[in-house]
Amino acid sequence: MASFTPISQSQPLFNNTHLTKLPPQSLAGPNLGSEFLPKWFSVRFQAPRRIPGLPMKASSVVVSATTAEKPKKRYPGESKGFVEEMRFVAMRLHTRDQAKEGEKEVKEPEERPVAKWEPSIDGYLRFLVDSKLVYDTLEEIIQRAAIPAYAEFRNTGLERSESLAKDLEWFKEQGYVIPEPSTPGVTYAQYLKELSEKDPQAFVCHFYNIYFAHTAGGRMIGRKVAEKILNKKELEFYKWDGDLSQLLQNVRDKLNKVAESWTREEKNHCLEETEKSFKYSGDILRLILS
């Protein structure tokens, strides 16, 4: 085993002929490459302190490690409230044609620019019927408010069930047969029911994405489809009573208020549900092209 021979304090340190002279740069301090140190590790080089009555010794290096708390991680949009965090995640799941922040590659027919769509009346009716089932389910859950926080979202002015009922009645008057809800709508409605009872954070994610997406991309789709197959008729589905921007802001405020009581883990769980929300909504949207 290697041993260390103590050096006599009376023996001059640098006159020891058994020591190899070190290059000048090595005397400045130990070689502590930054790639081996965590960011919170600090190195402090300190001159020796003169103590009256005692001779000065060779220069020494003092190394201290601080365990100061790391800066808190900031999530995109967090400074503006949790709704902005949800918006940021949702935008990334769009294609570049759909949103400038979009990162998703075009894979499904409904992800192509709407101008290239070839909708049909029958497909559009299936889309409206399944959409109504989803909105019926959402509004029933909110009215029942098995989770007390859901009551915050009653009577927001964004509700769509009544408007869709008027639109389907109009189609019926034009001689069209109104179909029964199909698998995409039934599946999504059932999922929302189950989620609302056991996972409120995930449910709020769907609530946000369904209502807010309809006021943005949904309106644009409705306008383009109406130009192609409805002689530009504007359906009630795309109309709101009052100032829509103010209605949306009111709901943003309510969502932010509800999320204030969530832990960071619960907020992240909500954000992680966004992709499922897009999948279920995409399955219904695809009916327009069926």
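The values are calculated or read from the model by the stated rules, or taken from the named source; none is laboratory data. All figures in this text were calculated on a predicted structure; none of them were measured in a lab. Neighbour counts are summed over all protein chains in view; Cβ atoms, including those assigned to glycine, are modelled from backbone coordinates with ideal geometry. Please note that ligands, DNA and RNA were not included when accessible areas were found on the heavy atoms of the full protein model with its side chains. Shrake-Rupley method; radii C 1.70, N 1.55, O 1.52, S 1.80 Å.
Going through segment 191-204 one residue at a time, which ones are aromatic (Phe, Trp, Tyr) and either touching a Phe, Trp or Tyr at 6+ places or on another chain (Cβ under 7 Å) or open to solvent by 10 Å² or more (accessible area, probe 1.4 Å) (or both)? Once the filter is applied, which keeps residues that are aromatic (Phe, Trp, Tyr) and either touching a Phe, Trp or Tyr at 6+ places or on another chain (Cβ under 7 Å) or open to solvent by 10 Å² or more (accessible area, probe 1.4 Å) (or both), segment 191-204 yields only 191. Here residue 270 meets the list (1) open to solvent by 70 Å² or more (accessible area, probe 1.4 Å); (2) of a type outside the set (A, V, I, L, M); (3) under 15 Å from residue 207 (Cβ atoms) almost entirely, failing just condition (1). Beta carbons closer than 7 Å, at least 6 apart along the sequence or on distinct chains, pair a first residue in segment 222-237 that is closer than 16 Å to residue 161 by Cα and in contact (Cβ under 8 Å) with a residue 40 or more places away in the chain with a second that is crowded, with 16+ Cβ neighbours inside 10 Å and polar (S, T, N, Q) for 236/163; 237/163.
From the list 216, 226, which one is closer than 14 Å to residue 114 by Cβ and open to solvent by less than 50 Å² (accessible area, probe 1.4 Å)? Selected residue: 226, the only one of 216, 226 that is closer than 14 Å to residue 114 by Cβ and open to solvent by less than 50 Å² (accessible area, probe 1.4 Å).
Against the test of being without any contact (Cβ under 8 Å) to a residue 12 or more places away in the chain and part of a helix (DSSP H, G or I), the options 196, 245 yield a single qualifying residue, 245. Of all residue pairs spaced 6 or more apart or on separate chains, those with beta-carbon atoms under 8 Å, a first member in segment 86-97 that is at pLDDT below 90 and a second member that is in a helix (DSSP H, G or I) and aromatic (Phe, Trp, Tyr) are 93/278.
Just one of (1) open to solvent by 30 Å² or more (accessible area, probe 1.4 Å); (2) under 25 Å from residue 271 (Cβ atoms); (3) among the hydroxyl-bearing types (Ser, Thr, Tyr) fails for residue 188. It is (1). Out of all the residues in segment 217-236, which are assigned to a helix (DSSP H, G or I) and of a type in the set (A, V, I, L, M)? Residues satisfying the conditions are 220, 221, 225, 226, 229.
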